[in-house]
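Bear in mind these aren't lab numbers, they're just calculated from the coordinates by the rules spelled out. As the structure is a computational prediction, the values presented were derived from the model and not from experiment. Because the Cβ atoms are built from the backbone with ideal geometry, glycine has one as well, and the counts that use them run over all protein chains shown.
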Amino acid sequence: MKYSGLIKEILRDFLLIFASIMIIITTLRQIYAPDAGFELKMIFIIMAFSFLGALTGIILYTPHAISESKMRFRVFLHFFILETLLISVAVLLNLVNGTFSILLLAVEIAAVYGIVRLLTYMNDKKEAQKINERLRTFKKEV
């Protein structure tokens with residue numbers, strides 16, 4: 001993958017993470033606190049954390065093909081570093097305090113991570129189907 005592809009993936013992941021968080025927060029607020037509004041500072045904090053989370057995607061970058069087991073290790077390492085980094089920054093900024101709020105943040109990060117991984121997998125599967133279809137039509141022409 002070229003660096004332009006890496007930048008494209010980081011931006012895509014940033015938008016997926018940010019959109020997922022905003023949709024989840026909006027849905028939960030409609031259920032549990034319909035009168036609560038969004039503060040601009042909170043939106044910027046969510047954007048910063050989303051971008052920080054997307055930047056850790058560099059761990060998954062490789063210029064050449066690697067084995068499935070190495071990629072799974074990288075995904076696990078990425079998740080661990082992401083959890084550690086985001087929770088550490090949240091504690092340093094006093095956005096969370098106490099064991100329960102830290103655990104809740106860890107679960108929220110894991111949920112958003114799972115959603116992003118699922119959406120990325122579905123997109124990759126769709127792209128692979130397109131490539132396979134092009135190859136089939138190419139073989140029929142030849």
Taking a virtual spin label 7 Å from the Cα of residue 45 along the C-beta vector, which residues in region 66-98 bring their backbone nitrogen under 20 Å of it?
82-98
Extension gain residue 76-residue 117, at 0.36 nm per residue separation less the Cα-Cα distance, in nm?
13.6 nm
Can you divide the C-alpha Rg of the chain by 2.2 N^0.38 Å and report the result to two decimal places?
1.27
Whole-angstrom Cα spans of region 64-142 along principal axes, big to small:
65, 21, 17
Two-site label geometry, residue 134 and residue 23: point separation in nm, points 7 Å out along Cα→Cβ:
2.7
Okay, which of region 110-141 sit inside 16 Å, backbone N to the point 7 Å along the Cα-Cβ direction of residue 60?
110-128
The helix 40-55 Cα axis meets the longest alpha-carbon principal axis of the chain at an angle in degrees, between 0 and 90 and rounded to 10, of 40
Quick one: 3J(HN,Hα) in Hz for region 87-94, Karplus 6.51/-1.76/1.60 with θ = phi - 60°, rounded, Gly and Pro as x.
5, 4, 5, 5, 5, 4, 8, 6
Tally of Lys pairs whose C-alpha atoms are under 29 Å apart, taken over the chain, 8 or more apart or cross-chain:
19
Distance (nanometres) between label positions extended 7 Å along Cα→Cβ at residue 31 and residue 84:
3.3
